[in-house]
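Computed from the coordinates by the stated procedures, all read-outs in this text should not be read as laboratory data. Small disclaimer: the values here were computed from a predicted structure and weren't measured. Positions of Cβ are backbone-derived with ideal geometry, glycine not excepted, and every protein chain shown enters the neighbour counts.
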Amino acid sequence: MNPEADRRMTEDFLRPLLHTTWKFYVAVAFFGSIVLAGFATWGYQIYTGIGIAGINSPVFWGFYLVNFVFWIGISHAGTLISAILRLVNATWRRPITRCAEAITAFALMIGAMFPLIHLGRVWLFYWLLPYPSQRGLWPNFRSPLVWDFFAITTYLLSSLLFLLLPMIPDFALVRDKTTGIRSRIYGLLSFGWRGTPKHWHRLESGMHIMAIVILPIAVSVHTVVSFDFSMAVVPMWHSTIFGPYFVTGAIFSGIAALIIAMALLRRLLHLEYYLRPIHFQNMGKLLVTMSLLWGYFVFNERLTVWYGNESHETGVFWATQAGDYAPFFWTMVIVNFVVPIVLVGIRRFRTITGTVIASCGVVVGMWLERFLIIIPSLSYKQLSYMWGSYAPTWAELTIMAATFAGIALLFLLFSKFVPIISIWELKVGDQPKIETDQPLADAEAEGELA
Amino acid sequence: MKAIYALYVKPAQVQRAVDDLEAAGIADAQIEIVSSEPFEQYAFGQRDHETWMPWFAVTGAVIGFSAIYALMNYAQQAWPLNTGGMPILAVYPVVVPLFEMTMLGAVLATVATLVVTARLGRGGGLYDPEVSDGKILVGVTNPSESDIPAIERSLAPAQIKRIQ
């Protein structure tokens, strides 16, 4: 890369770190106040008890668990997409991998909070840890809730490391471009990075191994989340397709979230030169693929239940097809299946705007899907005298709003302190290509190295 | 640390300087190359390529698997709950923690190997902040007095800098 292009790229990505506008403070104050309201509500719930939430018997899992599954699903985009694209060496991945990995880390942090919020007595959380009680009694390793602990902990740690490792060279760059306390902080974060061939090889080897390892971890996490449901003998939960169905839905919603985040960063940080229409088109194609796969799973699930005609399942089935929950179900089908195929599947509409609109619909649709998996099944359980209903309370709605504000706030702060696009990876992408068996002098003479 | 180094713009110039240094008999261990991006396509970018990292990752996975298996075995045998004659340490349900901890072992071992073998966090070494502007540093650390003229010839025509 020529020094002028190098300098421009560095300036473009360091600008948000070095210059702060009033809009940043307003945005932080706005999202921060919603997050604070969420924490205050949680504090109030801890003080007064879980009764302020709308969960009841038989609907003992409500918005908190809907949001738990939703956010864990959103977290799938990042690391999975980043790992796959790294392994197949897709060059167009370079501007989007960090954004994707950051979504994973933030969505997981937020998602992992919901079981704690749902616990009510959050101070007893440590009962889930593999730690014996005073009587020497250990947690039940056969419980899907303990599996959740292992799966989410592994995924969160792996995703954080997968995000942090490629940031080290960029921290070194910021260290050199700043002065004073800021330079010292980035110096600490860069672990004394210099950029010797050994450094680069170890980093790339490490990232390659982690990309291989993290793929099955990502698949396992949402499979384990699906086990929370499919291990229970509840109508329309006890299903063998729940594992792949959940994983597909998770990747689907994750891709949609990533497209929205890319569009926002492109607009707000003026990254039009780096996040180009081709990135949105390629991500859009992935979105349509996952939309088709998701539609296939939904059809399978519904057809099997309809054909089986088991009375305890048909109650849930018809409630979602033509009953109280039908508006949610058909909205979900339209925004998850029809809209992406029209807006992204047809080339004429496959613009940045079209892809973003489709993605917004998918995020809404996938939230509805999580809602429709949990609430109707618990409302219409096997015995009709136990049927009930559920409506969220102000506490659940506030905490849910706080999580959306929370991810916006985390992203805002992240883009303020870390280059949102991996600078060194982008530079590698701009290196001139030479054939490995071509003599260096020849390549230079042909001007390929100029 | 004493050192002589020069900064280059093009990787082809770096390759030539490194070739000249090697031809002048400078030991590989003394030659330092520092860049703001990897240059896999050039011979100088292939230095220090060998690593045992994949084997350490496998070792970490084995340790993770063994540790969680031992813990689950101990925990469930310590308070055996006989449920309808089913095995105390059932195979299928323990697969999930086994899998997760195996993978976590591999990940942690990979990161630990990266930090240790790349000697991250130890500081020191030849460096110039101009590397962050896209320049590539080639230098020789602790050169003997007799080698200095040959080193200067190898690094020319770039401007030569010294650390005394």
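I'd like the FRET efficiency for B:Glu145 and B:Val9, computed as 1/(1 + (r/R0)^6) with the beta carbon distance as r and R0 of 51 Å, rounded to 0.05.
0.95
Note the direction-averaged projected area, equal to a quarter of the hull surface, for the Cα convex hull of the range A:314-393, in nm². It would help to have the intermediate numbers written out before the result.
Details: hull surface 24.5 nm².
That works out to 6.1 nm², a quarter of the Cα hull's surface.
What distance in nm separates the two pseudo spin-label positions at A:Tyr25 and A:Ile241, each 7 Å out from Cα along the beta-carbon direction?
A separation of 5.5 nm, rounded to one decimal place.
Summarise the long-distance tail of P(r) for the range A:156-264 by giving the % of C-alpha pairs beyond 21 Å.
Numbers: 3411 of 5886 pairs.
When all Cα pairs of the range A:156-264 are counted, 58 percent exceed 21 Å.
Can you tell me the 0 to 90 degree angle between the C-alpha axis of helix A:97-119 and the longest principal axis of chain A, rounded to 10?
Here the helix axis deviates by roughly 30 degrees.
Among A:Lys198/B:Lys135; A:Lys177/A:Lys198; A:Lys427/B:Lys10; A:Lys198/A:Lys427, which pairs are too far apart, with a Cα-Cα distance over 21 Å?
From A:Lys198/B:Lys135; A:Lys177/A:Lys198; A:Lys427/B:Lys10; A:Lys198/A:Lys427, over 21 Å: A:Lys177/A:Lys198.
Note down the magnitude of the dipole of the protein assembly as shown about its Cα centre, charges +1 on Lys and Arg C-beta and -1 on Asp and Glu C-beta and zero elsewhere, to the nearest 20 debye.
Dipole of the protein assembly as shown, to the nearest 20 debye: 1420 debye.
Quick one, can you get me the convex hull of the C-alpha atoms of chain B expressed as volume per residue in Å³?
148 Å³
Can you give the mean number of other chain Cβ atoms that lie within 10 Å of the Cβ atoms in peptide B:133-140?
Whole-number average of other-chain Cβ neighbours for B:133-140 is 3.
Report, to the nearest 10°, how far helix A:311-321 tilts away from the longest principal axis of the Cα atoms in chain A, using its own Cα long axis and a range of 0 to 90°.
Between the helix axis and the principal axis of chain A, the angle is about 50 degrees.
Quick one: which residues, 5 or more positions from B:Glu32 or on another chain, have an amide H under 5 Å from its amide H? H modelled 1.01 Å from N in the peptide plane, none for Pro or chain starts.
B:Gly139, B:Val140, B:Thr141
Return the whole-Å distance between the Cα centroid of the range A:228-277 and the Cα centroid of the range A:74-90.
Answer, in whole Å: 12.
How many percent of the alpha carbon pairs in the range B:1-84 exceed a separation of 23 Å?
Across the range B:1-84, Cα pairs with separations above 23 Å total 53 percent.
Calculate the mean, over all residues of peptide B:104-113, of how many other protein chain Cβ atoms lie within 10 angstrom of the residue's Cβ.
Average neighbour count from other chains, rounded to a whole number: 6.
In Å and whole numbers, how far do the C-alpha atoms of the range A:1-159 stretch along each principal axis, longest first?
So the extents along the principal axes, rounded to whole Å, are 67, 40, 31.
What list of ³J(HN,Hα) values in whole Hz, one per residue of the range B:150-162 in order, does the Karplus curve 6.51 cos²θ - 1.76 cosθ + 1.60 (θ = phi - 60°) give from phi, with Gly and Pro shown as x?
Along the range B:150-162, the couplings run 5, 5, 4, 5, 5, 7, 5, x, 5, 5, 8, 10, 10 Hz.
How large is the charge dipole for the range A:160-235, taken about the Cα centre, if only the Cβ atoms of Lys, Arg (+1) and Asp, Glu (-1) carry charge, to the nearest 20 debye?
Working: 7 positive and 4 negative charges, 104 e Å.
Value, rounded to 20: 500 debye.
Taking N as the number of residues in the range A:119-216, what is its alpha-carbon radius of gyration divided by 2.2 N^0.38 Å?
Rounded to two decimals, the normalised Rg is 1.58.
Which whole number in µm²/s is D for the range B:57-105 by Stokes-Einstein, with the Kirkwood Rh taken over Cα pairs at 10 °C and 1.306 mPa s?
For these conditions, the coefficient is 140 µm²/s.
Work out, in µm²/s and without decimals, the Stokes-Einstein translational diffusion coefficient of chain A at 4 °C, 1.567 mPa s, Rh from Kirkwood over C-alpha pairs.
54 µm²/s
Quick one: longest stretch of chain B between exposed loop trypsin sites (Lys or Arg not before Pro), exposed meaning at most 14 other C-beta atoms within 10 Å and loop per DSSP?
Counting at most 14 other Cβ atoms within 10 Å as exposed, the longest clean stretch of chain B is B:3-121.
Report the far tail of the P(r) of the range A:358-416, meaning the percent of Cα-Cα pairs longer than 14 Å. Could the numbers behind the result be given before it?
Details: 1237 of 1711 pairs.
It works out to 72 percent of all Cα pairs.
Report, as an integer, the average count of C-beta atoms from other chains found within 10 Å of each Cβ along A:171-183.
2
Could you derive backbone 3J(HN,Hα) for the range A:187-203 from the dihedral phi with the Karplus parameters 6.51, -1.76 and 1.60 (θ = phi - 60°), listing whole Hz in sequence and x where the residue is Gly or Pro?
Per-residue couplings from phi come out as x, 5, 5, 7, 6, x, 5, 10, x, 6, x, 5, 4, 5, 5, 5, 4 Hz.
Toward the positive end of the charge dipole of the range A:1-45, about the Cα centre and with charges on Cβ (Lys, Arg +1; Asp, Glu -1), which of A:Leu18, A:Ser33, A:Ala5 goes farthest?
Checked the options; the winner is A:Ser33.
Using unit Cβ charges (K, R positive; D, E negative) and no other charged atoms, how large, in debye to the nearest 20, is the dipole of the range B:16-55 about its Cα centre?
So the magnitude is around 20 debye.
I'd like the orientation of helix A:277-308 relative to chain A: the angle between its Cα long axis and the longest Cα principal axis, in ° from 0 to 90, rounded to 10.
On a 0 to 90 degree scale, this one is about 20.
Tell me, what are the semi-axes, in whole angstrom and largest first, of the equivalent ellipsoid of the range A:187-333 as set by the roots of 5 times the Cα gyration tensor eigenvalues?
So the equivalent ellipsoid measures 41, 22, 12 Å along its semi-axes.
How far apart, in nm, are the 7 Å Cα→Cβ label points at B:Ile163 and A:Ile334?
Between B:Ile163 and A:Ile334, the simple spin-label model gives 6.6 nm.
Specify which residue in the list A:Pro277, A:Val363, A:Leu397 is farthest towards the positive end of the charge dipole of chain A, using unit charges on the beta carbon of Lys, Arg (+1) and Asp, Glu (-1), about the Cα centre.
After comparing all options, I get A:Leu397.
For each of A:Phe227, A:Phe349, count neighbouring Cβ atoms within 10 Å of the residue's Cβ, then give the residues from fewest to most. Write down the numbers at each step before the final one.
Details: A:Phe227 20, A:Phe349 15.
Final ranking by Cβ density, sparse to dense: A:Phe349, A:Phe227.
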